Amino acid sequence: MLTVATWNINGVKARIDSLTRWLEECAPDVVCLQEIKSQDETFPGEAIERLGYNVATHGQKGFNGVALLSKRPLEDVTRRLPGDEADEHSRWIEATVSTDTGAVRVVSLYLPNGNPVERSPEPSGKFGYKLGWMDRMLTHAEALLANDEPIVLAGDYNVIPEPHDARHPDRWVEDALFQPESRSRHRALVNLGYLDAQRAVDRSDGIYTFWDYQAGAWQKNNGIRIDHIMLSPFAADRLEGVTVEKHTRGWSKPSDHVPVMVTLDV
């Protein structure tokens, strides 16, 4: 079995104790981190490597940033989402993880938030950037399907796919995370053949991965599900289970996101 997790850590230096605690507790094989808010040279890799992980980062000072942690070697590491050389945001890193019976291509992605929503009359500003980024993601995700190996696209998608992925969907109707254009592009990823691992095993209400720090959202369970693990057909055929590590949101100085983890029979 191979366990692959995703976690928007919301500042790896600020939450290194929580990260190492969870790594020791859960011991996933591969971890996809987002919003590390750290440059590559200042990423606290030593504390993670002591736990037996290899580390690859695509960092950025102060915001954004993604990383891959793996108990197995990370091969053919690729940084940056193709399609726009002018895009300097660190939001994408992918690598191959080889097992005794095959290889898995794992991506850690941090999709743009997109707020505020601007249309004049076409989407523009941060919202236009979000949609353009998603279009590039779809192009690359389709290209990855040509590889003869399972593909795992894991990360903070900043998309609420369906109304039941929010405790109060009516509160999100003006937000970029719940706009028709964002949701339709997420469905396009599904239409390419990628499976939403969480919804493949559990379609019930009340499954959330993010609770805002404001207005007692955690205490009131006013959450949304925006952290997703999407599996190519080869990976989906190997899906054994999904867990949401909700308890980490109750830790001291938590991230506003919690880890999501899939188990694959590879």
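For ASN64, work out the one condition from (1) at pLDDT 95 or above; (2) within 25 Å of LEU192 (Cα to Cα) it doesn't fulfil.
Exception for ASN64: condition (2).
Here are the criteria: (1) in contact (Cβ under 8 Å) with a residue 60 or more places away in the chain; (2) touching a Lys or Arg at 6+ places or on another chain (Cβ under 8 Å). Tell me which single one GLU118 does not satisfy.
Of the numbered conditions (1) in contact (Cβ under 8 Å) with a residue 60 or more places away in the chain; (2) touching a Lys or Arg at 6+ places or on another chain (Cβ under 8 Å), the odd one out for GLU118 is (1).
Are there any pairs with C-beta distances below 7 angstrom linking a residue in the stretch 245-266 that is of a type in the set (Asp, Glu) to a residue that is open to solvent by 40 Å² or more (accessible area, probe 1.4 Å), with the two at least 6 apart or on different chains, and if so which?
ASP256/ASP212; ASP256/TYR213; ASP265/MET1; ASP265/ARG238; ASP265/GLU240
Which is more than 25 Å from ARG183 (Cβ to Cβ), modelled with pLDDT of 95 or more and either surrounded by fewer than 17 Cβ atoms within 10 Å (Cβ to Cβ) or touching an Asp or Glu at 6+ places or on another chain (Cβ under 6 Å) (or both), of THR248, THR263?
Just a single option satisfies the conditions, and that option is THR263.
Here is a check on your reading of the model: is ASP227 within 14 Å of the chain's Cα centre (by Cα), surrounded by fewer than 22 Cβ atoms within 10 Å (Cβ to Cβ) and under 24 Å from GLU25 (Cα atoms)?
No: the conditions fail for ASP227.
With the checklist (1) touching a residue at least 12 places away in the same chain (Cβ under 8 Å); (2) part of a helix (DSSP H, G or I) in hand, flag the one item GLY128 doesn't pass.
Exception for GLY128: condition (1).
Looking at (1) out of contact with any strand residue (DSSP E or B) (no Cβ under 7 Å at 6 or more places or on another chain); (2) under 20 Å from ASP156 (Cα atoms); (3) among the polar types (S, T, N, Q), which is the one condition that is false for SER120?
(2)
Quickly run through the stretch 195-224 and pick out the residues that are closer than 30 Å to ASP148 by Cα and either in contact (Cβ under 8 Å) with a residue 40 or more places away in the chain or surrounded by 12 or more Cβ atoms within 10 Å (Cβ to Cβ) (or both).
Result: LEU195, ASP196, ALA197, GLN198, ARG199, ALA200, VAL201, ASP202.
Within the stretch 81-105, how many residues are aliphatic (A, V, I, L, M) and within 21 Å of ASP237 (Cβ to Cβ)?
Result for the stretch 81-105: 3.
Which count do you get for residues in the stretch 92-114 that are part of a strand (DSSP E or B) and in contact with a strand residue (DSSP E or B) (Cβ under 8 Å, 6 or more places away or on another chain)?
Count: 16.
Given the condition crowded, with 16+ Cβ neighbours inside 10 Å and in contact with a Cys (Cβ under 6 Å, 6 or more places away or on another chain), answer yes or no: does some residue in the stretch 101-109 qualify?
Within the stretch 101-109 (the criterion being crowded, with 16+ Cβ neighbours inside 10 Å and in contact with a Cys (Cβ under 6 Å, 6 or more places away or on another chain)), the answer is yes, since at least one residue qualifies.
The values are calculated or read from the model by the stated rules, or taken from the named source; none is laboratory data. None of the values given here were measured: they were computed from a predicted structure. All Cβ positions, glycine included, derive from the backbone under ideal geometry; neighbour counts span all protein chains shown. Only protein heavy atoms, including side chains, enter the accessible area calculation; ligands, DNA and RNA are left aside. Shrake-Rupley method; radii C 1.70, N 1.55, O 1.52, S 1.80 Å.
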